[in-house]
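Engineer: My structure is below; once you've seen it, I'll send some questions.
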Amino acid sequence: MKKPDKELIKEITDLKKKRNAVIIAHYYQRPEVQDAADLLGDSLALSRAAAETNAEVIVFCGVNFMAETASILSPDKKVIIPVRDAGCPLADTIDVKGLREMKKKHPAALVVCYVNTAAEIKAESDICCTSSNSIKVVNSLPPDKEIIFVPDKNLCDYTSSVTGRRLICWQGDCATHANIKADEIKEALKLHPSAKVMVHPECTAEVIGMADCVGSTAGMLRYAGESSAGEFIVGTEVGIIHQLKIENPFKVFYPTLEPALCPTMKLITLEKVLWSLENLSHEVKVAEDIRIKAKRSIDGMLAIG
Ligand code: 13P
(Lines give C-alpha, C1' and ligand atoms only; values in the text may rest on other atoms or scores of the structure.)
Protein backbone atom coordinates (compact mmCIF):
# COMPACT_ATOMS: atom_id res chain seq x y z
CA MET A 1 0.00 0.00 0.00
CA LYS A 2 1.22 3.50 -0.86
CA LYS A 3 2.40 5.47 2.17
CA PRO A 4 0.90 8.96 2.62
CA ASP A 5 3.05 11.80 1.24
CA LYS A 6 3.52 13.28 4.72
CA GLU A 7 5.03 10.04 6.01
CA LEU A 8 7.31 9.74 2.97
CA ILE A 9 8.48 13.34 3.33
CA LYS A 10 9.28 12.69 7.03
CA GLU A 11 11.35 9.61 6.13
CA ILE A 12 13.11 11.55 3.37
CA THR A 13 13.88 14.43 5.75
CA ASP A 14 15.34 12.08 8.39
CA LEU A 15 17.47 10.16 5.92
CA LYS A 16 18.62 13.35 4.22
CA LYS A 17 20.12 14.56 7.51
CA LYS A 18 21.94 11.25 8.07
CA ARG A 19 23.40 11.36 4.56
CA ASN A 20 24.30 15.09 4.70
CA ALA A 21 22.26 15.44 1.54
CA VAL A 22 20.43 18.32 -0.07
CA ILE A 23 17.41 17.87 -2.32
CA ILE A 24 17.19 20.31 -5.17
CA ALA A 25 14.24 20.32 -7.52
CA HIS A 26 12.99 22.05 -10.62
CA TYR A 27 9.61 23.81 -10.74
CA TYR A 28 8.27 21.22 -13.23
CA GLN A 29 8.55 18.41 -10.67
CA ARG A 30 5.44 16.88 -9.09
CA PRO A 31 4.01 19.13 -6.33
CA GLU A 32 4.84 16.66 -3.55
CA VAL A 33 8.45 16.35 -4.77
CA GLN A 34 8.73 20.16 -4.79
CA ASP A 35 7.42 20.11 -1.21
CA ALA A 36 10.19 17.69 -0.16
CA ALA A 37 12.95 19.85 -1.67
CA ASP A 38 15.37 22.11 0.20
CA LEU A 39 15.74 24.29 -2.82
CA LEU A 40 13.67 24.99 -5.92
CA GLY A 41 14.77 26.96 -8.93
CA ASP A 42 15.06 27.50 -12.65
CA SER A 43 18.02 25.95 -14.48
CA LEU A 44 20.31 28.88 -13.70
CA ALA A 45 19.52 28.96 -9.97
CA LEU A 46 19.90 25.19 -9.73
CA SER A 47 23.32 25.34 -11.42
CA ARG A 48 24.41 28.02 -8.94
CA ALA A 49 23.01 26.06 -5.96
CA ALA A 50 24.87 22.95 -7.05
CA ALA A 51 28.12 24.90 -7.24
CA GLU A 52 27.67 26.44 -3.81
CA THR A 53 26.18 23.76 -1.54
CA ASN A 54 28.16 22.30 1.37
CA ALA A 55 26.23 19.04 1.36
CA GLU A 56 28.06 15.82 0.48
CA VAL A 57 25.19 14.42 -1.54
CA ILE A 58 22.98 16.28 -4.03
CA VAL A 59 19.68 14.57 -4.84
CA PHE A 60 18.67 16.12 -8.12
CA CYS A 61 14.95 16.08 -8.89
CA GLY A 62 14.86 17.22 -12.47
CA VAL A 63 16.11 15.78 -15.75
CA ASN A 64 19.52 14.36 -16.62
CA PHE A 65 21.19 17.45 -18.04
CA MET A 66 20.44 19.29 -14.77
CA ALA A 67 22.03 16.56 -12.63
CA GLU A 68 24.96 16.41 -15.04
CA THR A 69 25.46 20.18 -14.72
CA ALA A 70 25.53 19.78 -10.93
CA SER A 71 28.10 17.01 -11.22
CA ILE A 72 30.24 19.06 -13.64
CA LEU A 73 30.30 21.95 -11.17
CA SER A 74 30.72 19.83 -8.02
CA PRO A 75 32.78 16.78 -8.99
CA ASP A 76 33.72 16.04 -5.38
CA LYS A 77 30.06 15.68 -4.40
CA LYS A 78 27.90 12.65 -4.98
CA VAL A 79 25.15 13.74 -7.38
CA ILE A 80 22.25 11.33 -7.61
CA ILE A 81 19.07 11.33 -9.67
CA PRO A 82 16.14 9.20 -8.49
CA VAL A 83 15.25 7.99 -12.03
CA ARG A 84 18.07 7.13 -14.42
CA ASP A 85 15.98 7.60 -17.57
CA ALA A 86 14.73 11.09 -16.81
CA GLY A 87 16.10 12.58 -20.03
CA CYS A 88 15.26 15.83 -21.78
CA PRO A 89 13.78 15.22 -25.24
CA LEU A 90 15.05 18.66 -26.36
CA ALA A 91 18.63 17.81 -25.30
CA ASP A 92 18.33 14.61 -27.35
CA THR A 93 17.72 16.59 -30.58
CA ILE A 94 21.45 17.26 -30.96
CA ASP A 95 24.51 15.03 -30.96
CA VAL A 96 28.23 15.76 -31.14
CA LYS A 97 28.49 14.61 -34.78
CA GLY A 98 25.75 17.02 -35.85
CA LEU A 99 27.25 19.91 -33.93
CA ARG A 100 30.71 19.26 -35.39
CA GLU A 101 29.24 19.31 -38.90
CA MET A 102 27.56 22.65 -38.17
CA LYS A 103 30.83 24.04 -36.81
CA LYS A 104 32.63 22.88 -39.97
CA LYS A 105 30.17 24.88 -42.10
CA HIS A 106 30.77 27.99 -39.96
CA PRO A 107 34.39 27.63 -38.82
CA ALA A 108 34.66 31.17 -37.44
CA ALA A 109 31.45 30.98 -35.42
CA LEU A 110 31.23 30.87 -31.64
CA VAL A 111 28.87 28.25 -30.21
CA VAL A 112 26.29 29.07 -27.56
CA CYS A 113 24.64 26.00 -26.12
CA TYR A 114 21.45 26.02 -24.10
CA VAL A 115 21.91 24.32 -20.73
CA ASN A 116 19.37 21.70 -21.95
CA THR A 117 22.17 19.68 -23.59
CA ALA A 118 24.39 16.74 -22.72
CA ALA A 119 27.84 17.38 -21.23
CA GLU A 120 29.47 16.40 -24.56
CA ILE A 121 27.64 19.26 -26.32
CA LYS A 122 28.65 21.73 -23.62
CA ALA A 123 32.24 20.52 -24.05
CA GLU A 124 32.05 21.35 -27.79
CA SER A 125 30.63 24.83 -27.13
CA ASP A 126 32.18 28.18 -26.23
CA ILE A 127 29.60 29.27 -23.72
CA CYS A 128 26.44 27.95 -22.15
CA CYS A 129 23.18 29.82 -21.45
CA THR A 130 19.81 29.25 -19.83
CA SER A 131 16.43 30.70 -20.74
CA SER A 132 17.00 33.43 -18.17
CA ASN A 133 20.31 34.71 -19.52
CA SER A 134 20.46 33.83 -23.26
CA ILE A 135 20.15 37.54 -24.14
CA LYS A 136 22.95 38.57 -21.78
CA VAL A 137 25.16 35.74 -23.00
CA VAL A 138 24.68 36.58 -26.69
CA ASN A 139 25.18 40.30 -25.99
CA SER A 140 28.46 39.47 -24.24
CA LEU A 141 29.96 38.05 -27.45
CA PRO A 142 31.99 40.20 -29.88
CA PRO A 143 29.59 41.91 -32.33
CA ASP A 144 31.60 40.87 -35.39
CA LYS A 145 31.40 37.14 -34.57
CA GLU A 146 29.01 34.66 -36.17
CA ILE A 147 27.08 32.68 -33.54
CA ILE A 148 25.72 29.15 -33.66
CA PHE A 149 22.96 28.60 -31.10
CA VAL A 150 21.91 25.06 -30.12
CA PRO A 151 19.58 23.20 -29.80
CA ASP A 152 16.28 25.08 -29.26
CA LYS A 153 15.15 26.95 -32.39
CA ASN A 154 12.44 28.91 -30.56
CA LEU A 155 14.79 30.19 -27.85
CA CYS A 156 17.30 30.93 -30.62
CA ASP A 157 14.76 32.97 -32.64
CA TYR A 158 13.58 34.79 -29.54
CA THR A 159 17.15 35.62 -28.45
CA SER A 160 17.94 36.78 -31.98
CA SER A 161 14.87 39.03 -32.11
CA VAL A 162 15.69 40.70 -28.78
CA THR A 163 19.44 41.12 -29.31
CA GLY A 164 19.22 41.95 -33.02
CA ARG A 165 22.03 39.42 -33.63
CA ARG A 166 21.69 36.99 -36.51
CA LEU A 167 22.00 33.54 -34.95
CA ILE A 168 22.51 30.25 -36.74
CA CYS A 169 19.89 28.09 -35.06
CA TRP A 170 19.92 24.33 -34.58
CA GLN A 171 16.38 23.15 -35.42
CA GLY A 172 15.48 21.36 -32.18
CA ASP A 173 12.53 22.12 -29.99
CA CYS A 174 10.83 21.09 -26.77
CA ALA A 175 7.58 19.36 -27.72
CA THR A 176 5.98 20.38 -24.43
CA HIS A 177 6.45 24.08 -25.21
CA ALA A 178 6.29 23.98 -29.01
CA ASN A 179 2.86 22.31 -28.78
CA ILE A 180 1.34 25.24 -26.91
CA LYS A 181 -0.81 26.81 -29.65
CA ALA A 182 -1.61 30.48 -30.18
CA ASP A 183 -5.29 29.46 -30.48
CA GLU A 184 -5.19 28.00 -26.98
CA ILE A 185 -3.92 31.32 -25.63
CA LYS A 186 -6.66 33.13 -27.61
CA GLU A 187 -9.32 30.81 -26.17
CA ALA A 188 -7.96 31.23 -22.65
CA LEU A 189 -8.01 35.02 -23.11
CA LYS A 190 -11.66 34.85 -24.23
CA LEU A 191 -12.49 33.08 -20.97
CA HIS A 192 -10.26 35.32 -18.82
CA PRO A 193 -9.93 38.64 -20.68
CA SER A 194 -8.14 40.49 -17.89
CA ALA A 195 -5.52 37.76 -17.34
CA LYS A 196 -1.86 38.42 -18.13
CA VAL A 197 -0.13 35.89 -20.37
CA MET A 198 3.21 34.42 -19.23
CA VAL A 199 5.15 32.11 -21.54
CA HIS A 200 8.51 30.37 -21.69
CA PRO A 201 10.89 31.35 -24.53
CA GLU A 202 10.84 27.74 -25.76
CA CYS A 203 7.32 28.52 -27.09
CA THR A 204 6.81 29.44 -30.75
CA ALA A 205 7.25 33.03 -31.96
CA GLU A 206 3.47 33.29 -32.47
CA VAL A 207 2.79 32.39 -28.82
CA ILE A 208 5.62 34.62 -27.58
CA GLY A 209 4.07 37.47 -29.58
CA MET A 210 0.91 37.21 -27.45
CA ALA A 211 2.68 37.29 -24.09
CA ASP A 212 2.91 40.00 -21.44
CA CYS A 213 5.87 38.18 -19.89
CA VAL A 214 8.43 35.96 -21.63
CA GLY A 215 10.66 34.37 -19.06
CA SER A 216 12.32 31.41 -17.47
CA THR A 217 10.34 29.61 -14.77
CA ALA A 218 11.91 31.86 -12.11
CA GLY A 219 11.21 34.88 -14.33
CA MET A 220 7.51 33.98 -14.50
CA LEU A 221 7.35 33.52 -10.72
CA ARG A 222 8.92 36.94 -10.27
CA TYR A 223 6.53 38.56 -12.76
CA ALA A 224 3.44 37.01 -11.13
CA GLY A 225 4.60 38.18 -7.70
CA GLU A 226 5.33 41.74 -8.80
CA SER A 227 2.34 42.24 -11.13
CA SER A 228 -0.78 44.01 -9.88
CA ALA A 229 -2.89 41.62 -12.01
CA GLY A 230 -4.92 38.95 -10.26
CA GLU A 231 -5.14 36.32 -13.04
CA PHE A 232 -2.51 34.71 -15.26
CA ILE A 233 -2.51 32.31 -18.20
CA VAL A 234 0.53 30.07 -17.83
CA GLY A 235 2.30 29.03 -21.05
CA THR A 236 4.76 26.55 -19.66
CA GLU A 237 4.86 23.13 -17.99
CA VAL A 238 2.02 22.92 -15.46
CA GLY A 239 4.30 21.91 -12.57
CA ILE A 240 5.13 25.58 -12.03
CA ILE A 241 1.52 26.31 -11.01
CA HIS A 242 2.12 24.62 -7.64
CA GLN A 243 4.76 27.20 -6.68
CA LEU A 244 2.87 30.09 -8.31
CA LYS A 245 -0.09 29.31 -6.04
CA ILE A 246 2.07 28.96 -2.91
CA GLU A 247 3.77 32.31 -3.54
CA ASN A 248 0.56 34.08 -4.64
CA PRO A 249 -2.34 32.57 -2.68
CA PHE A 250 -4.78 35.32 -3.75
CA LYS A 251 -4.01 35.20 -7.44
CA VAL A 252 -5.43 32.73 -10.00
CA PHE A 253 -3.35 30.75 -12.51
CA TYR A 254 -4.79 29.03 -15.59
CA PRO A 255 -2.92 26.36 -17.54
CA THR A 256 -3.45 26.31 -21.31
CA LEU A 257 -6.50 24.34 -22.46
CA GLU A 258 -4.35 21.31 -23.21
CA PRO A 259 -2.12 21.45 -20.11
CA ALA A 260 1.59 21.37 -21.04
CA LEU A 261 3.16 18.30 -19.45
CA CYS A 262 6.80 17.20 -19.62
CA PRO A 263 6.65 13.41 -19.36
CA THR A 264 10.20 12.95 -18.09
CA MET A 265 9.94 15.68 -15.44
CA LYS A 266 7.07 13.70 -13.95
CA LEU A 267 8.97 10.40 -13.60
CA ILE A 268 10.35 11.24 -10.15
CA THR A 269 8.06 10.39 -7.22
CA LEU A 270 8.53 10.64 -3.45
CA GLU A 271 9.04 6.86 -3.28
CA LYS A 272 11.86 7.18 -5.80
CA VAL A 273 13.46 10.07 -3.89
CA LEU A 274 13.46 7.93 -0.74
CA TRP A 275 14.85 4.95 -2.64
CA SER A 276 17.65 7.05 -4.11
CA LEU A 277 18.65 8.35 -0.66
CA GLU A 278 18.61 4.81 0.74
CA ASN A 279 20.75 3.46 -2.09
CA LEU A 280 22.71 6.61 -2.96
CA SER A 281 21.79 5.93 -6.55
CA HIS A 282 21.70 6.63 -9.50
CA GLU A 283 25.01 8.43 -9.41
CA VAL A 284 25.59 10.93 -12.24
CA LYS A 285 29.25 11.30 -13.28
CA VAL A 286 30.85 12.88 -16.31
CA ALA A 287 34.18 11.66 -17.74
CA GLU A 288 36.92 14.03 -16.53
CA ASP A 289 38.10 15.23 -19.98
CA ILE A 290 34.52 16.11 -21.00
CA ARG A 291 33.76 17.60 -17.58
CA ILE A 292 36.67 20.06 -17.72
CA LYS A 293 35.68 21.30 -21.19
CA ALA A 294 31.97 21.47 -20.34
CA LYS A 295 32.74 23.33 -17.10
CA ARG A 296 34.50 26.03 -19.10
CA SER A 297 31.32 26.84 -21.01
CA ILE A 298 29.19 26.80 -17.83
CA ASP A 299 31.70 28.94 -15.90
CA GLY A 300 31.67 31.44 -18.78
CA MET A 301 27.92 31.76 -18.37
CA LEU A 302 28.04 31.98 -14.55
CA ALA A 303 30.64 34.75 -14.77
CA ILE A 304 28.20 36.85 -16.82
CA GLY A 305 25.61 36.57 -14.05
P1 13P B 1 14.01 27.11 -16.85
O2 13P B 1 15.48 27.36 -16.87
O3 13P B 1 13.19 28.26 -17.31
O4 13P B 1 13.58 26.62 -15.51
O5 13P B 1 13.66 26.00 -17.93
C6 13P B 1 13.98 24.69 -17.80
C7 13P B 1 13.49 23.85 -18.89
O8 13P B 1 13.93 22.73 -18.98
C9 13P B 1 12.52 24.37 -19.84
O10 13P B 1 12.07 23.36 -20.69
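Engineer: Here's a check for you: in the range 1-56, which residue that is crowded, with 18+ Cβ neighbours inside 10 Å, closer than 16 Å to residue 75 by Cα and touching a helix residue (DSSP H, G or I) at 6+ places or on another chain (Cβ under 7 Å) is modelled with the highest pLDDT?
Structural biologist: Ranking the qualifying residues of the range 1-56, first place goes to 21.
Engineer: Can you find a residue in the range 233-242 that is within 14 Å of the ligand (Cβ to nearest atom), among the charged types (D, E, K, R), closer than 27 Å to residue 35 by Cβ and crowded, with 22+ Cβ neighbours inside 10 Å?
Structural biologist: Taking every residue of the range 233-242 in turn, at least one turns out to be within 14 Å of the ligand (Cβ to nearest atom), among the charged types (D, E, K, R), closer than 27 Å to residue 35 by Cβ and crowded, with 22+ Cβ neighbours inside 10 Å.
Engineer: Moving on to the next point. Would you tally the residues in the range 103-136 being out of contact with any strand residue (DSSP E or B) (no Cβ under 6 Å at 6 or more places or on another chain) and among the aliphatic types (A, V, I, L, M)?
Structural biologist: The total comes to 5.
Engineer: A further question follows. From the list 116, 179, 133, exactly one residue is buried (at least 24 other Cβ atoms within 10 Å of the Cβ), polar (S, T, N, Q) and within 16 Å of the ligand (Cβ to nearest atom). Which is it? Before the answer, list the steps.
Structural biologist: Details: 179 fails: buried (at least 24 other Cβ atoms within 10 Å of the Cβ); 133 fails: buried (at least 24 other Cβ atoms within 10 Å of the Cβ).
Testing whether each residue is buried (at least 24 other Cβ atoms within 10 Å of the Cβ), polar (S, T, N, Q) and within 16 Å of the ligand (Cβ to nearest atom) leaves just 116.
Engineer: Can I ask one more? State whether the residues of the range 258-281 include one that is within 16 Å of the ligand (Cβ to nearest atom), outside any loop (DSSP other than H, G, I, E, B) and farther than 28 Å from residue 72 by Cβ.
Structural biologist: Start the filter on the range 258-281 by keeping residues that are within 16 Å of the ligand (Cβ to nearest atom), which leaves 259-268.
Now narrow it down to the ones that are outside any loop (DSSP other than H, G, I, E, B): none.
Within the range 258-281 (the criterion being within 16 Å of the ligand (Cβ to nearest atom), outside any loop (DSSP other than H, G, I, E, B) and farther than 28 Å from residue 72 by Cβ), the answer is no, since none of the residues qualifies.
Engineer: Could you grab me the full set of residues in the range 242-283 that are charged (D, E, K, R), in contact (Cβ under 8 Å) with a residue 24 or more places away in the chain and under 25 Å from residue 3 (Cβ atoms)?
Structural biologist: Filtering the range 242-283 down to residues charged (D, E, K, R) leaves 245, 247, 251, 258, 266, 271-272, 278, 283.
Still in the list and also in contact (Cβ under 8 Å) with a residue 24 or more places away in the chain: 247, 251, 258, 266, 271-272, 278, 283.
Within the range 242-283, 266, 271, 272, 278 qualify.
Engineer: Since residue 245 meets every condition but one in (1) within 16 Å of the ligand (Cβ to nearest atom); (2) more than 23 Å from residue 122 (Cβ to Cβ), which condition does it not meet?
Structural biologist: Single failed check for residue 245: (1).
Engineer: Please count how many residues of the range 198-212 are within 19 Å of residue 169 (Cβ to Cβ), aliphatic (A, V, I, L, M) and more than 16 Å from the ligand (Cβ to nearest atom). Full working, then the answer.
Structural biologist: From the range 198-212, those within 19 Å of residue 169 (Cβ to Cβ) are 199-209; that's our starting set.
Still in the running and aliphatic (A, V, I, L, M): 199, 205, 207-208.
Still in the list and also more than 16 Å from the ligand (Cβ to nearest atom): 205.
Residues in the range 198-212 being within 19 Å of residue 169 (Cβ to Cβ), aliphatic (A, V, I, L, M) and more than 16 Å from the ligand (Cβ to nearest atom): 1 in total.
Engineer: Still on this model: Among the residues of the range 221-240, count how many are under 20 Å from residue 61 (Cα atoms) and in a helix (DSSP H, G or I). I'd like the intermediate steps shown before the answer.
Structural biologist: Taking the range 221-240 as the starting set, the residues that turn out to be under 20 Å from residue 61 (Cα atoms) are 221, 236-240.
Keeping just the survivors that are in a helix (DSSP H, G or I) gives 221, 240.
Of the residues in that region, 2 qualify.
Engineer: Further, regarding this structure: Kindly indicate the residue of the range 152-188 that is outside any helix (DSSP H, G or I) and polar (S, T, N, Q) and also nearest to residue 203 (Cα to Cα) among those meeting that condition.
Structural biologist: Step by step, filter the range 152-188, then rank; the result is 179.
Engineer: State yes or no: is residue 42 acidic (Asp, Glu), out of contact with any Gly (no Cβ under 6 Å at 6 or more places or on another chain) and within 14 Å of the ligand (Cβ to nearest atom)?
Structural biologist: Details: acidic (Asp, Glu): yes; out of contact with any Gly (no Cβ under 6 Å at 6 or more places or on another chain): yes; within 14 Å of the ligand (Cβ to nearest atom): yes.
Here the answer is yes, as residue 42 does meet what is asked.
Engineer: Every residue in the range 222-232 that is touching a helix residue (DSSP H, G or I) at 6+ places or on another chain (Cβ under 8 Å) and either surrounded by fewer than 18 Cβ atoms within 10 Å (Cβ to Cβ) or of a type in the set (S, T, N, Q) (or both), please. Before the answer, list the steps.
Structural biologist: Taking the range 222-232 and keeping what is touching a helix residue (DSSP H, G or I) at 6+ places or on another chain (Cβ under 8 Å), we get 224-225, 232.
Residue satisfying the conditions is 225 alone.
Engineer: Across the range 72-90, what is the total count of residues that are in contact with a helix residue (DSSP H, G or I) (Cβ under 6 Å, 6 or more places away or on another chain) and not in a loop (DSSP other than H, G, I, E, B)?
Structural biologist: 4
Engineer: Checking residue 94 against (1) farther than 22 Å from residue 166 by Cβ; (2) touching a Gly at 6+ places or on another chain (Cβ under 7 Å), which test does it fail?
Structural biologist: (1)
Engineer: Hey, another quick one. Look through 215, 219 and report the one residue that is of a type outside the set (S, T, N, Q), within 12 Å of the ligand (Cβ to nearest atom), closer than 23 Å to residue 153 by Cα and surrounded by fewer than 19 Cβ atoms within 10 Å (Cβ to Cβ).
Structural biologist: Values: 215 fails: surrounded by fewer than 19 Cβ atoms within 10 Å (Cβ to Cβ).
When all the criteria are applied, what remains is 219.
Engineer: How about the range 1-64: which helices (runs of 4 or more DSSP H) wholly inside it have at least 1 residues that are under 25 Å from residue 115 (Cα atoms)?
Structural biologist: Working: elements: 5-19, 31-36, 43-52.
The helices (runs of 4 or more DSSP H) meeting that bar are 31-36, 43-52.
Engineer: To continue, here is another question. How many residues, within the range 36-50, are in contact (Cβ under 8 Å) with a residue 40 or more places away in the chain and under 16 Å from the mean Cα position of the chain (by Cα)? Break it down stepwise before answering.
Structural biologist: Within the range 36-50, the subset in contact (Cβ under 8 Å) with a residue 40 or more places away in the chain is 36, 40-45, 47-48.
Next, from what is left, pick out any that are under 16 Å from the mean Cα position of the chain (by Cα): 40-45, 47-48.
Matching residues across the range 36-50 total 8.
The values are calculated or read from the model by the stated rules, or taken from the named source; none is laboratory data. Fair warning: this is a prediction, and the values are worked out from it, not measured in the lab. Quick reminder, even Gly has a Cβ in these numbers, built from the backbone with ideal geometry, and neighbours come from all protein chains shown.
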